[in-house]
Structure formats: C-alpha cells, structure tokens
Amino acid sequence: MKRSPFYSNIFLYRLEMSILHKGKYRKRFQDVVDLIEGNITSVCELCFGDIFIAEFCRKNNISWMGIDLSPEFCRYAQGKGFNATLDNVLTAELPNTDMYIIQGSLYHFKDKIDKFFDRLLKKKGSIIIAEPVRNFSSSDNFIGRLARRASNAGIGHNSFRYDHKSLIDELRRQQLRSPYEYEVIHIDREMLIKITCP
Ligand SMILES: C[S@@+](CC[C@H](N)C(=O)[O-])C[C@H]1O[C@@H](n2cnc3c(N)ncnc32)[C@H](O)[C@@H]1O
C-alpha cells in the first residue's frame, strides 16, 4: 500500500503537523521531554518521525534509539547521527530501556493493540503515550482531509482516532490484562499519559 507523501518527507511532514497543531508542533515534544527526568538514562522512541526528542536526549547525555517504518525519516535521523532503526514496532526487537515513548501514533496500532501493549509491558521501562484525542480527521473539510491523507504509514489507511473516552477505556482494558499504574499528566489536543509497570 502506497505511503502518505507526508510520511516520506520530513519537511512536508513538519508543515502538515504545524497546520494540524495550529503552530504548536514543537511544543508537543516539549511536553513529552519534560517527563524525561530523574534516573532516566535511556529512551526508546517508537514511531519517532521527527528528531526533537532525540536532540533533547543528546543534549542531556541520555541514550536514544528510535524505530520507525518510514525509510526517509530514518535516513534523516541517521544523517544527524541518531540511532534510528527502520522497522515495524510490532515485530522489531525492542531494546531494554528506562523509558518508551510513543507520540501521535498509537492509533496506528488500533487493530493490534493487545500485541502492542503485550510487547511493551513485558519490558520494565515506563511508557509515555502522547496521543491526539481532539481530532480533525473525521471533519469533512480541508483539515480533516489533510489529517486522513497524512496517516498512511504504508500498511493501511488510518481513519480511526482515539478520543478521551476511548483512550481511557483502552488503558483500563489493558490494565485488566496486565496490571500497571497510569497517570494522565495533561489533556490538550494530545492526552499525555505515563504508565508505570509494577
Ligand atoms: C503521525 S506520525 C507521528 C510521528 C511523531 N511521533 C510525532 O508525534 O510527530 C506516525 C509515525 O508512525 C510511523 N509508523 C506507523 N506505523 C508504524 C509501525 N507499525 N512501526 C513503526 N513505525 C510506524 C510512521 O512512519 C510515522 O513516522
């Protein structure tokens, strides 16, 4: 399946995300890096797309590795000297790390969400999820069409998006399958969640 052009060019992707996030594209990453604190010395960013979190880690002597399906995003990150791996998060070997981060991408795993959580919860690291819960992709206007077009990673269309309720429902359902604590850090366009495994 042909990938969205937005997942094939980092500058086009940034432009599209800046439109969707009304100029707050970089601020979203800041919200996430604010949670990289204390004893965190290593981070694995799933579906990283861009390199803002990687840059923060480099500046702060935190080891970063990223996994993404987009060859162009991986090449861009590798060109900047980052440890980016071209792979599918559902099948890639996941490193042991202090923290896993997935931002703006959980909806890609809707159909295989149990597998996604099982893989991460087997590990010991905390998990940060930043997921859009106020979405435009169901709107029948320019922004809605842009959001829908932008989200094909090459393995299928993604018109599904979480909202506040469906994301919390999913976290609770997963908690019943495999106990963990979660904290909602904040809710804006993205809901920011920290999961701590026992
Ligand atoms: C909406 S972008 C989010 C990028 C970045 N985390 C952000 O918040 O701006 C989704 C990213 O997930 C990647 N992706 C989608 N499905 C994936 C999978 N199964 N394995 C690895 N990466 C995947 C895409 O290539 C894309 O870079």
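For every residue, the table says whether it meets (1) within 12 Å of the ligand (Cβ to nearest atom); (2) in contact (Cβ under 8 Å) with a residue 24 or more places away in the chain.
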| site | (1), (2) |
| --- | --- |
| Tyr25 | yes, no |
| Gly38 | no, no |
| Gly49 | yes, yes |
| Cys74 | yes, no |
| Val89 | yes, yes |
| Ala92 | yes, yes |
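Does Val43 satisfy the condition of being surrounded by 20 or more Cβ atoms within 10 Å (Cβ to Cβ) and within 9 Å of the ligand (Cβ to nearest atom)? It is false that Val43 is surrounded by 20 or more Cβ atoms within 10 Å (Cβ to Cβ) and within 9 Å of the ligand (Cβ to nearest atom). Within region 13-25, the presence of a residue that is part of a strand (DSSP E or B), more than 20 Å from Ile128 (Cβ to Cβ) and not hydroxyl-bearing (Ser, Thr, Tyr) is excluded.
Please verify whether Phe48 is aromatic (Phe, Trp, Tyr) and part of a helix (DSSP H, G or I), treating the condition exactly as stated. Write out each step before concluding.
Working: aromatic (Phe, Trp, Tyr): yes; part of a helix (DSSP H, G or I): no.
No; evaluated as a whole, the condition is false for this residue.
Taking (1) more than 10 Å from the ligand (Cβ to nearest atom); (2) part of a helix (DSSP H, G or I); (3) touching a Lys or Arg at 6+ places or on another chain (Cβ under 9 Å) in turn, Phe56 satisfies each apart from (3).
When Ala84 is tested against (1) over 20 Å from Lys194 (Cα atoms); (2) surrounded by 15 or more Cβ atoms within 10 Å (Cβ to Cβ); (3) within 9 Å of the ligand (Cβ to nearest atom), just one condition goes unmet, and that condition is (3).
Scanning region 109-127 for residues that are within 11 Å of the ligand (Cβ to nearest atom), touching a strand residue (DSSP E or B) at 6+ places or on another chain (Cβ under 9 Å) and touching a residue at least 24 places away in the same chain (Cβ under 8 Å) turns up just one, Phe116. One residue stands out in region 87-113 among those that are polar (S, T, N, Q) and farther than 16 Å from Trp64 by Cβ: the one that is surrounded by the most Cβ atoms within 10 Å (Cβ to Cβ), namely Ser105.
FYI, it's all coordinate maths here, none of it is from the lab. From a predicted model like this one, the values you see are computed outputs, not experimental measurements. As a convention, Cβ positions derive from the backbone with ideal geometry for all residues, glycine included, and neighbour counts pool all protein chains shown.
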